[in-house]
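Structure, as structure tokens:
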Amino acid sequence: MNSFSFVFLLVIALYAGLSKAWCRKNVLAFQNSLDSSHDTLQVHCKSGNDDLGIHFVKFSDHVYSIRFRDNVFIGTYWDCIIQHGSKMEYVLNFRAYTSRPVRRCGQFHTWIAKEDGIYFSKNGKPEGKKYDWTKYNSS
């Protein structure tokens with residue numbers, strides 16, 4: 001291995017290791033604001049091989065949150081399915097988080113479930129509607 005390759009690999013290793021020390025984890029949060037129906041919100045998220053399983057968020061509960069760091073080498077993606085209704089007939093399957101080429105630190109992304117759709121808030125900024133629910137007929 002020539003000296004340039006060694007220095008390059010050393011810089012990459014130091015960047016990856018040191019950035020974890022000062023880079024706070026990002027948070028992906030799911031809030032149940034189904035105030036008319038008071039339905040339970042079902043949340044199921046995966047990132048690569050990391051399947052977090054199904055979680056239930058009642059109307060009166062605090063948010064369900066995932067804490068993570070961006071992977072600068074292969075990217076970070078969180079794909080989620082959220083559902084509500086008496087038979088979980090209202091569904092949204094979506095990408096809740098996508099990393100950028102530059103690592104993000106301490107980001108707070110909140111997905112808010114309401115009767116008329118899914119709203120998004122980033123770092124406490126006012127929420128905006130992003131998606132409508134898809135209703136599946138259950139026989």
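The values are calculated or read from the model by the stated rules, or taken from the named source; none is laboratory data. All values derive from a computational prediction rather than experimental measurement. Note that we place each Cβ from the backbone using ideal geometry, even for glycine, and neighbour counts take in every protein chain shown. Heads up: the accessible areas ignore ligands, DNA and RNA and are worked out on the full protein's heavy atoms, side chains in. Shrake-Rupley method; radii C 1.70, N 1.55, O 1.52, S 1.80 Å.
Key figures
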| read-out | value |
| --- | --- |
| Pairs, first under 15 Å from A113 (Cβ atoms) in segment 46-58, second assigned to a strand (DSSP E or B) and among the aromatic types (F, W, Y), C-beta under 7 Å, six or more apart | H55/Y64; V57/F30; V57/Y64 |
| When residues of segment 12-37 are limited to those that are among the small types (G, A, S) and either at pLDDT 95 or above or outside any helix (DSSP H, G or I) (or both), the one least open to solvent (accessible area, probe 1.4 Å) | A29 |
| Tabulated pairs, segment 81-97, first closer than 20 Å to F59 by Cβ, second of a type in the set (V, I, T), C-beta under 6 angstrom, 6+ apart or interchain | I82/V43; Q83/V91; V91/T134; L92/I82; L92/I118 |
| Test: residue in segment 55-65 that is open to solvent by less than 60 Å² (accessible area, probe 1.4 Å) and within 11 Å of the chain's Cα centre (by Cα) | yes |
| Residues (farther than 20 Å from S121 by Cβ and buried (at least 16 other Cβ atoms within 10 Å of the Cβ)) located in segment 66-80 | R69, V72 |
| Conditions (1) open to solvent by 20 Å² or more (accessible area, probe 1.4 Å); (2) under 15 Å from the mean Cα position of the chain (by Cα); (3) under 22 Å from K125 (Cα atoms); (4) hydrophobic (A, V, I, L, M, F, W, C); number of the one not met by V102 | (2) |
| Condition broken by N2, with the remaining ones in (1) over 30 Å from T134 (Cα atoms); (2) modelled with pLDDT of 95 or more satisfied | (2) |
| Scan of segment 119-139 for residues that are within 23 Å of S47 (Cα to Cα), open to solvent by 30 Å² or more (accessible area, probe 1.4 Å) and part of a strand (DSSP E or B), ordered by number | Y119, F120, K122, K130, Y131, T134 |
